[in-house]
Amino acid sequence: MVDVDSHTLRVLEFDKVLEMASVHALTTAGRKVVLQLGPLGSADASLQRMRLISACRRLKNEGFDFGIEYFDELDTLFRRLRPEEAVLEPLELRGVLPLLRSAINLRRLLKEAPATELNQILERLHTHPELMREIERSIEPDGRIADEASAELFDIRQRIRALDRRIKSVLERILNDKSLRPHIQDFYITERNGRRVIPVKSDSKGHIRGVIHDISNTGETVFVEPNETLQMGNELESLKAEERVEEFRVLKRLSALLRDVLSELQEDYERVVMVDMLQSLASFAEQMQMIPPEINRSGYIKIVKGRHPLLWKSLKEGGRLQELVPLDFELRKPYRGMVITGSNTGGKTVALKTVGVLQLMTLTGMHLPAAEGTTFPFVERVIADIGDEQSIEQSLSTFSAHVMRLKEVLERSDSSTLVIIDELGTGTDPDEGGALGCALLNRLVQRGALVVVSTHLGLLKAYAYKHPQLINGAMQIETKRVNGRTLFWPTYRLQIGEPGQSYALHIAERFGMPEDLIEEAKEMIRDKASLLEEVLQELRQTQQRIDKKLRAVEKTEKELKQLKEKLNQEIERIKHLKSKILQETHRKAEEILRSTRREAEELLRRIRAQQRQEAKVSLKELERRLRYHADKGGSLKERSPKKVSRPKIGQSVLIGGFGIVGVVTEVIPSTGRCRVDAGGKEIEVSIDNLFEPEASKTEDVVSIAPDTLLREPPSSELNVIGMRVEDALREVERYLNDAALGGLEEVRIIHGVGSGRLKGAIREYLDKHPLVQEFSVASAEQGGEGVTIVKIK
């Protein structure tokens with residue numbers, strides 16, 4: 001298990017590197033996975049991810065499209081779908097489509113693209129094309145349930161449209177009646193409370209007999225549903241209720257189909273997101289022309305033309321990419337540590353961060369912005385201390401915080417650790433800080449850790465030169481003659497094998513420090529012969545001998561590279577042969593698949609033929625029952641009960657629309673409504689909906705009411721999401737009356753969360769309603785704050 005603490009990840013800015021990679025993700029879930037990436041648990045796991053990224057790059061470069069469509073995270077939707085009776089909303093069902101299409105598109109790569117390491121993921125995709133087509137056929141892109149979702153829904157909607165046309169025709173005839181024109185406010189048909197109405201002048205409402213459904217804000221217009229269309233309006237509402245029931249059945253059926261394959265859906269989701277993560281890293285690698293590094297087990301670090309991604313991004317955005325100087329770095333046996341020195345602004349910290357971030361990318365299995373020949377060891381820990389870590393909260397100075405971090409570094413380091421420290425030994429007296437740094441370096445290399453540090457202290461430079469397991473490195477400086485003066489400029493190139501100089505006085509002069517002050521400082525150090533200068537002279541001589549040997553090594557490496565190219569050509573030949581064998585195997589498999597598919601389609605055709613025959617029988621039976629109910633409904637139409645204009649408490653009344661006789665218990669003149677006790681249930685209705693029952697036929701009316709109204713049992717839930725508060729409260733009132741008369745004991749009102757205004761208005765209304773025993777917020781599985789559970793008295 002690789003251990004990299006949050007401090008190290010932060011100072012090396014690894015999260016910003018992942019952010020650069022995540023912008024290439026195609027899905028929200030894929031982006032989240034990229035941002036959460038970190039070191040893997042083994043070298044094999046890192047190498048495997050690198051191979052998968054390489055496979056993605058090859059496919060992209062060969063013009064293959066992964067076909068992954070955008071989708072949000074689906075974990076919450078899967079949890080909602082898991083309960084047995086859970087029913088998803090239309091747009092939630094369509095939210096699964098991009099996943100289904102993405103899985104199918106990825107599976108297609110198995111046939112179209114050459115075999116790659118990705119096949120082991122793609123082969124395990126289940127895919128559900130039939131389920132995808134069923135959802136696409138049943139749910140429109142805007143979330144509306146399509147007519148073709150079921151035969152029953154298609155038939156109901158056809159009847160709704162036909163009946164609606166009849167109602168409009170009757171209303172248009174009334175509007176065109178010359179005798180009624182003086183009483184009509186505007187010549188158009190509108191809708192109130194789901195009923196077709198016409199606008200009538202308020203002082204002429206008695207001339208057009210019907211039900212008033214609304215009054216304009218000015219009070220000059222009433223919206224009347226004429227008596228001629230009342231029965232058709234009732235029938236239309238009944239059909240719309242049937243439509244809602246059938247739509248719910250469609251949603252329930254589709255939800256059940258998803259639930260049946262839920263485990264496979266979740267597996268496909270994980271695999272599609274994994275491929276999205278891999279292709280995102282591949283696109284990032286292509287963007288910076290990265291390479292898969294080698295991983296060694298000998299504690300060897302070699303970086304060839306390495307670039308820090310964040311520096312690359314910064315310079316590219318500023319149009320200065322040509323200024324980027326790649327890092328060449330090497331730390332190999334017998335050395336376990338490197339001390340990097342050089343001037344301020346010379347690139348020491350950038351070099352340290354580049355080593356650190358490329359090591360983290362290697363452990364994470366990413367490709368690196370470097371050249372071929374780059375290799376890293378698979379270490380179990382990376383510990384970095386970079387930057388000013390002064391702690392205000394703990395009242396610690398910069399040096400105190402630095403020492404605490406060094407103590408932690410020492411305690412956690414072993415032979416599988418990479419330690420990176422910026423400005424080792426600074427922040428205190430140079431002699432004491434240098435001595436502490438030397439002792440720490442010695443202890444770390446004794447424990448076998450790999451160590452890369454930067455410093456300005458001469459003692460650390462000399463110590464690194466004398467220590468058999470430490471080596472110096474210097475950020476090179478070049479000289480320039482400007483106006484007769486010699487100035488020093490950083491090259492940002494690392495020279496391994498010799499220490500660098502700080503050039504503090506030269507840099508101070510370059511930035512405008514007074515010349516006399518600079519000369520005074522130079523005079524103070526001229527008389528001191530430093531041990532470091534002697535070391536530098538000896539080191540330069542040694543470097544010349546090493547350079548000669550390096551040239552011989554480079555010649556050998558060139559010969560090895562030629563041999564490697566020949567081996568690669570032979571490997572490509574073998575791969576080509578393997579590809580031909582696999583293609584032939586795939587061709588034979590496709591022949592078997594086509595034969596099997598033809599047999600399955602024939603079997604499905606037979607099954608569907610049998611189901612159509614059964615559906616015809618059921619449809620004939622349904623039509624017979626509807627004709628029977630329609631005939632009974634016609635007998636009621638002949639009755640014309642007298643309207644009750646001024647109801648009194650204790651008076652028996654017939655409730656219009658329900659066909660039920662009850663007793664008035666309260667009259668509310670201010671709202672034009674009253675409460676009626678109907679069979680032990682007290683409901684609130686409009687006074688305009690009350691009629692005088694015929695005493696001799698009271699029992700008869702009650703007994704035939706259910707058949708006459710053709711009422712379906714009320715649904716156990718009401719959805720008012722998106723309605724205005726006034727419209728929603730009217731729907732809630734009507735629904736509570738239906739629920740009480742239908743014998744329901746508990747119902748659900750779905751209002752959503754939104755701004756909270758609709759939810760608050762409904763709960764305030766329920767608190768005072770006579771039919772409501774109590775109400776409560778639904779559980780999280782049932783909808784939480786967006787749903788209210790109501791118990792009926």
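In this structure, the pairs whose alpha-carbon distance is over 23 Å, taken from 333/461; 333/566; 302/564; 60/578; 60/580, are 333/566. Computed with a 1.4 Å probe over protein heavy atoms only, the accessible surface of the stretch 172-320 comes to 49 Å² per residue. Estimated at the nearest 10 Å², the accessible area of residue 349 is 50 Å² with a 1.4 Å probe. Remark: for residue pairs 305/558; 348/561; 32/316; 316/561, the C-alpha separation exceeds 23 Å in 348/561; 32/316; 316/561.
Note on residue 115 and residue 10: their simple-model spin labels are 4.9 nm apart, each label 7 Å out from Cα toward Cβ.
Ratio to report: Rg/Rh of the stretch 14-104, with Cα atoms as the point set and Rh obtained by the Kirkwood method; give two decimals.
Radius of gyration relative to Kirkwood radius: 1.05.
Taking all protein chains as they are arranged and a probe of 1.4 Å, the heavy atoms of residue 765 leave approximately 60 Å² accessible to solvent. Listed by chain and number, the lysines whose alpha-carbon sits under 30 Å from that of residue 252, ignoring those within fewer than 8 places in the same chain, are 240, 616, 620, 759, 791, 793. Could you please state, rounded to a whole Å, how far the C-alpha centre of the stretch 244-287 is from the C-alpha centre of the stretch 46-97? The two parts, judged by their Cα centres, are 6 Å apart.
Please list 731, 764 from largest to smallest accessible area, probe radius 1.4 Å, with all protein chains kept in place.
The residues order as 764, 731, largest area first.
By definition, a body whose alpha carbon gyration tensor gives a ≥ b ≥ c is prolate when a/c is 1.5 or more and a/b is larger than b/c, and the stretch 110-243 fits this prolate description.
Across the stretch 757-768, computed HN-Hα scalar couplings (Karplus, 6.51 cos²θ - 1.76 cosθ + 1.60, θ = phi - 60°) run 5, 5, 4, x, 5, 5, 5, 5, 5, 5, 4, 10 Hz from first to last residue, x flagging Gly and Pro.
Using Cβ point charges alone (K and R +1, D and E -1), the dipole size of the stretch 1-100 about the Cα centre works out to roughly 360 debye. Dipole magnitude for the stretch 242-390: about 800 debye, using +1 per Lys or Arg Cβ and -1 per Asp or Glu Cβ, origin at the Cα centre. Of the whole protein surface, residue 160 contributes about 20 Å² of accessible area at a 1.4 Å probe radius.
The values are calculated or read from the model by the stated rules, or taken from the named source; none is laboratory data. Treat the numbers as computed from the prediction; the structure is a model and nothing was measured. Using ideal geometry, Cβ is built from the backbone for each residue, glycine included, and neighbour counts are taken over all protein chains shown. Each accessible area value is taken on the protein alone, full model and side chains, heavy atoms only, with ligands, DNA and RNA left out. Shrake-Rupley method; radii C 1.70, N 1.55, O 1.52, S 1.80 Å.
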